[in-house]
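To start, the structure itself, in structure tokens.
The values are calculated or read from the model by the stated rules, or taken from the named source; none is laboratory data. All values derive from a computational prediction rather than experimental measurement. Cβ: placed from backbone, ideal geometry, glycine included. Neighbour counts: every protein chain shown. Calculation scope for accessible area: heavy atoms of the full protein, side chains included, ligands and nucleic acids excluded. Shrake-Rupley method; radii C 1.70, N 1.55, O 1.52, S 1.80 Å.
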Amino acid sequence: MNESIRVEGLEKVFGNERAIDDITFSVGRGEIFGFLGPSGAGKTTTIKILTGQLRATGGKAEVLGIPAEKVNTPDVLGRIGVMTDTSGLYERLTVYENLAFYADLYGVSNKRKRIGDVLDAVNLGGEEKKKVSSLSKGMMQRTILARALLHEPELVFLDEPTGALDPVNAKHIHEGLKELNRNGTTIFLTTHNMQEAELLCDRVAFLNGGQVRLMDNPSVLRRQFADGTIVVELVSGKQVSLPNRPESARKLHDYMAAGQVASIQTNEPTLGDIFVDVTGRELA
Amino acid sequence: MTFSMQRMYAIFVKDLKELSKNTFVLTTIIMPVVLALFFGRGDAVPLEVHFLVFNTAFAAVAAYIQSVAIAEEKEKNTLRGLMMSPATTVEILTGKSIVSMGMTVLTIVLCIRLLGFETANWLLVGAGMAVSLVLFTAIGTLIGLLTRTLMEASVVITPFIFILGMGTIFAEMLQGNVILTVAEYLPNFQLEYLAAAVESGAATGEIAGHFALLLGWTAAVIAATALVYRKREMGSE
Ligand SMILES: Nc1ncnc2c1ncn2[C@@H]1O[C@H](COP(=O)(O)OP(=O)(O)O)[C@@H](O)[C@H]1O
Ligand SMILES: [Mg+2]
């Protein structure tokens, strides 16, 4: 089995609202897959279905080769890690006590060392004895992430893992996730942060209105949506935009021959630009 | 259906730690001990007073701790994490029940000491108390499933503490009133009558009748709890 997740024609209707309306995708083993979409697109609902917390109203979903509605068993749940935007910690207990409790639930061996290692990975080394109620929001989020990784799951679901983090800590988490992935962990993450997706993901799916609008490798997408326009900044400070046409080559040649070129930039779209292009919506 | 002692024990330890740091709940569960200290100073404490204290312990300790332990997991969004871990609902509820029941047993033992309670037949009275313990833990589970925060659970438990805990104190006042005729079927009255019947050496049939009623209450509350659980699924919104 080379697929960690397989979803076909998935649908979830709440009352008369279609939260998910026909989604199809699969995530390969060892992949970092990004689910991108604005608030309300259906990202969390998809994670809930894949982790056995919600039943789909239509379609098929498999996680680690097991139908999503049968994921809810100790065996399967022990192989996945989940961090959602509504995960909570025990506020009266310390960071260590929270993680030790989960280590026991998951049967983690060598508990003390493992907890030290995951805390280092999320940049919380040395904070074991802090009471959760005294942590900042970002520290709580990193503790929850550490908890999701504690038992070295094969597959992790991360629902907006860096939402409450400052850039320095977000960067630390990104490095940690890449490292985790190098060691073989499959990562399914949702985000509305395009830079994060571009940096981390092997493939991204654009979600809007409960449907996948586009899905591919981020650089392939950027190439596909690039129109080849070159922006030349002249010594005079003037900016010239050269579309991808034969006559542009002559113009560029002339500028260069005259020594007028200060800088040349390609006009590649960002994932954010492509998202707006495809869905007509801004992300955040 | 798997059951893991290790996971159940982990939940027990975690809940005990949380409880030991929850001053709000701790101040409520010492109530029966305060009552025992107050009444225990008299020379001959009447049977009704002993059981007033014991029933209060069942309601204010067993039912209250259990309801809060469940409601707070929802309030703090920790239940979702638990449901996505290998822990099963049975393990979660068993681990919590052992904390609630264990604390209640400790409280009752302490109250028995303070009040100097004696009985002619520990086996029968002990069995009645054991059934009550299960009943009140089930009531706590039911309240925990139906409420969503510590505060909500604390408000909902109050009438239970007054009626099913201290209700027998009003028996004198209500003598001859139709309310008492009905109230006498409540589990706290039944436990007290059971003990009184044992003391006075009543016929086996009368004692069995009180037992049957206590067991009936317990079965009914457990059935209601199972029903509510199925309807709500602990974690879903
Ligand atoms: N339990 C629920 N009941 C009713 N509607 C819901 C429920 N959960 C989510 N929805 C709706 O489904 C849509 C998708 O929500 P969600 O998956 O949380 O989006 P996202 O995580 O992408 O922000 C939203 O319109 C939301 O209002
Ligand atoms: Mg969401």
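Assess whether A:Gly81 counts as being more than 15 Å from A:Ala205 (Cβ to Cβ) and either within 10 Å of ligand 1 (Cβ to nearest atom) or more than 14 Å from chain B (Cβ to nearest Cβ) (or both). Criteria not met by A:Gly81. The condition (being within 14 Å of another protein chain (Cβ to nearest Cβ) and either of a type in the set (S, T, N, Q) or touching a residue at least 24 places away in the same chain (Cβ under 8 Å) (or both)) is satisfied by just one residue among A:Thr186, A:Thr143: A:Thr143. Among the residues of the range B:14-34, the ones that are within 17 Å of B:Ile70 (Cβ to Cβ), in a helix (DSSP H, G or I) and either open to solvent by 60 Å² or more (accessible area, probe 1.4 Å) or within 10 Å of another protein chain (Cβ to nearest Cβ) (or both) come to 7 in all.
Cβ-Cβ distances below 6 Å connect the following pairs, each with a first residue in the range A:81-101 that is surrounded by fewer than 22 Cβ atoms within 10 Å (Cβ to Cβ), a second residue that is assigned to a loop (DSSP other than H, G, I, E, B), and a separation of six or more residues or different chains: A:Asp85/A:Glu160; A:Thr86/B:Asn77; A:Gly88/B:Lys76; A:Gly88/B:Asn77; A:Arg92/B:Lys21; A:Thr94/A:Lys129; A:Tyr96/A:Glu128.
Among the residues of the range A:64-75, the ones that are facing chain B (nearest Cβ under 9 Å) and either within 14 Å of ligand 1 (Cβ to nearest atom) or buried (at least 18 other Cβ atoms within 10 Å of the Cβ) (or both) come to 1 in all.
If I ask for residues that are under 19 Å from A:Ile80 (Cβ atoms) and part of a strand (DSSP E or B), which ones from the range A:2-22 would you list?
Filtering the range A:2-22 for residues under 19 Å from A:Ile80 (Cβ atoms) gives A:2-7, A:10.
Of everything in the range A:2-22, those that are under 19 Å from A:Ile80 (Cβ atoms) and part of a strand (DSSP E or B) turn out to be A:Glu3, A:Ser4, A:Ile5, A:Arg6, A:Val7, A:Leu10.
Inside the range B:46-103, residues that are within 14 Å of chain A (Cβ to nearest Cβ) and over 15 Å from the mean Cα position of the chain (by Cα) make up a count of 23. Taking the listed residues A:Gly30, A:Gly59, A:Gly15, the one that is more than 16 Å from ligand 2 (Cβ to nearest atom), open to solvent by less than 50 Å² (accessible area, probe 1.4 Å) and at positive phi is A:Gly30, with no other qualifying.
If you take the residues of the range A:213-252 that are in a helix (DSSP H, G or I) and over 30 Å from A:Gly42 (Cβ atoms), which of them is most open to solvent (accessible area, probe 1.4 Å)? Please lay out each step first, then the result.
Pass one, the range A:213-252, residues in a helix (DSSP H, G or I): A:218-225, A:246-252.
Of the ones still in play, those that are also over 30 Å from A:Gly42 (Cβ atoms) are A:246-252.
Values: A:Pro246: 100, A:Glu247: 86, A:Ser248: 16, A:Ala249: 66, A:Arg250: 154, A:Lys251: 111, A:Leu252: 37 Å².
Among them, the one singled out is A:Arg250.
Taken as a whole, the range A:52-64 holds at least one residue that is closer than 24 Å to A:Met140 by Cα and touching a strand residue (DSSP E or B) at 6+ places or on another chain (Cβ under 9 Å).
Taken together, the residues in the range B:194-211 that are in a helix (DSSP H, G or I) and open to solvent by less than 60 Å² (accessible area, probe 1.4 Å) amount to 11.
Please determine, by comparing only the residues of the range A:102-130 that are more than 9 Å from every other protein chain (Cβ to nearest Cβ) and touching a residue at least 40 places away in the same chain (Cβ under 8 Å), which one is least open to solvent (accessible area, probe 1.4 Å). Spell out the reasoning first.
Step one: filter the range A:102-130 for residues more than 9 Å from every other protein chain (Cβ to nearest Cβ), giving A:108-130.
After this cut, where a residue has to be touching a residue at least 40 places away in the same chain (Cβ under 8 Å) as well, the list is A:108, A:121-123.
Numbers: A:Val108: 29, A:Ala121: 48, A:Val122: 3, A:Asn123: 68 Å².
Checked the range A:102-130; the qualifying residue least open to solvent (accessible area, probe 1.4 Å) is A:Val122.
Quick check: anything in the range B:73-86 in contact with a Phe, Trp or Tyr (Cβ under 8 Å, 6 or more places away or on another chain) and open to solvent by 40 Å² or more (accessible area, probe 1.4 Å)? Yes, the conditions are met somewhere in the range B:73-86. In the range B:145-176, which residues are surrounded by 14 or more Cβ atoms within 10 Å (Cβ to Cβ) and not in a helix (DSSP H, G or I)? Those that are surrounded by 14 or more Cβ atoms within 10 Å (Cβ to Cβ) and not in a helix (DSSP H, G or I): B:Thr147, B:Arg148, B:Thr149, B:Met166, B:Ala171, B:Leu174. Whenever a residue of the range A:150-163 is small (Gly, Ala, Ser), its partners that are open to solvent by 30 Å² or more (accessible area, probe 1.4 Å) and part of a loop (DSSP other than H, G, I, E, B), lying with C-beta atoms within less than 8 angstrom and at least six residues away or across chains, give the pairs A:Gly163/A:Asp85.
Considering A:Lys12, A:Lys43, which residue is under 21 Å from the mean Cα position of the chain (by Cα) and among the charged types (D, E, K, R)?
Working: A:Lys12 fails: under 21 Å from the mean Cα position of the chain (by Cα).
Step by step, each of A:Lys12, A:Lys43 is checked, and only A:Lys43 is under 21 Å from the mean Cα position of the chain (by Cα) and among the charged types (D, E, K, R).
In the range A:256-270, the residues that are touching a residue at least 60 places away in the same chain (Cβ under 8 Å) form Cβ pairs under 9 Å with partners that are basic (Lys, Arg) and open to solvent by less than 70 Å² (accessible area, probe 1.4 Å), at six or more places apart or across chains, as follows: A:Thr270/A:Arg222.
Within the range A:33-63, can you find the residues that are within 14 Å of chain B (Cβ to nearest Cβ) and either out of contact with any Lys or Arg (no Cβ under 8 Å at 6 or more places or on another chain) or aliphatic (A, V, I, L, M) (or both)?
Our first condition is that a residue be within 14 Å of chain B (Cβ to nearest Cβ); within the range A:33-63, this holds for A:44-45, A:47-55, A:63.
Listed by number, the residues that qualify are A:Thr44, A:Ile47, A:Lys48, A:Ile49, A:Leu50, A:Thr51, A:Leu54, A:Arg55, A:Val63.
Within the range A:39-52, being open to solvent by 40 Å² or more (accessible area, probe 1.4 Å) and either more than 6 Å from ligand 1 (Cβ to nearest atom) or aromatic (Phe, Trp, Tyr) (or both) holds for one residue alone: A:Lys48.
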